[in-house]
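What follows is a single structure, written as structure tokens, with notes after it.
Bear in mind that the values in this text are calculations on the coordinates, not laboratory data. Remember, predicted model here, so these are calculated numbers, not experimental data. Every residue, glycine among them, receives a Cβ derived from its backbone with ideal geometry; neighbour counts consider all protein chains shown.
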Amino acid sequence: MGYVYAGDYCTPDEAERTLRRLPGPAARDLEAPHPDADRRNRTSWVRNCVAIGLSSGFVEPLSRPDLLLIQHGIEQLVKHFPTRRGDPVMTAHYKRLVARCMDGVREF
């Protein structure tokens, strides 16, 4: 169970109180995380580690772009896979494409 709210209209404490009223006392001791709904990993490729899908960023939970982001990340990794050790130009281009895709999903 979750509760999506806009920080411009309600505080995290108000949202949590509203959420906890829904299931009743059973939710009293449960954790209620407040994830930032629009964040992306600024370092999606570091040395030999590449973030794919939701590990490269998180977009508002109701849109569920998981499969798109995973597919896009893998396609771009295959296209930009280095043929020699550490190509910073290819890595930078990959990061820009992944960032553009993540930002596009967020704007959608």
Per-residue Cβ neighbour rank within 10 angstrom, fewest leading, GLU75, GLU16, GLU107: GLU107, GLU75, GLU16
Local electrostatic count at TRP45 - Lys and Arg +1, Asp and Glu -1, tallied over other residues with Cβ under 12 Å: +3
Length added when fully stretched, THR43-GLU31, from 0.36 nm per residue minus Cα-Cα: 1.5 nm
Centre separation in Å (Cα based) which lies between segment 66-95 and segment 1-31: 38 Å
Neighbour-count ranking [beta-carbon atoms within 10 angstrom, fewest first] of MET102, MET90: MET90, MET102
C-alpha long axis of helix 12-21 to longest principal axis of the chain, angle in °: 60 degrees
Residue (of PHE81, PHE108, HIS34) at the positive-pole extreme of the chain, dipole from beta-carbon charges: PHE81
Approximate spin-label separation ALA99-TYR9, in nm, with each point projected 7 Å along Cα-to-Cβ: 3.1 nm
0 to 90° range, to nearest 10: angle between helix 88-107 axis and the chain longest Cα axis: 30 degrees
Residue-averaged [θ]222 nm for the chain, counting only DSSP H segments that reach four residues, each worth -39500 (n - 2.57): -13500 deg cm²/dmol
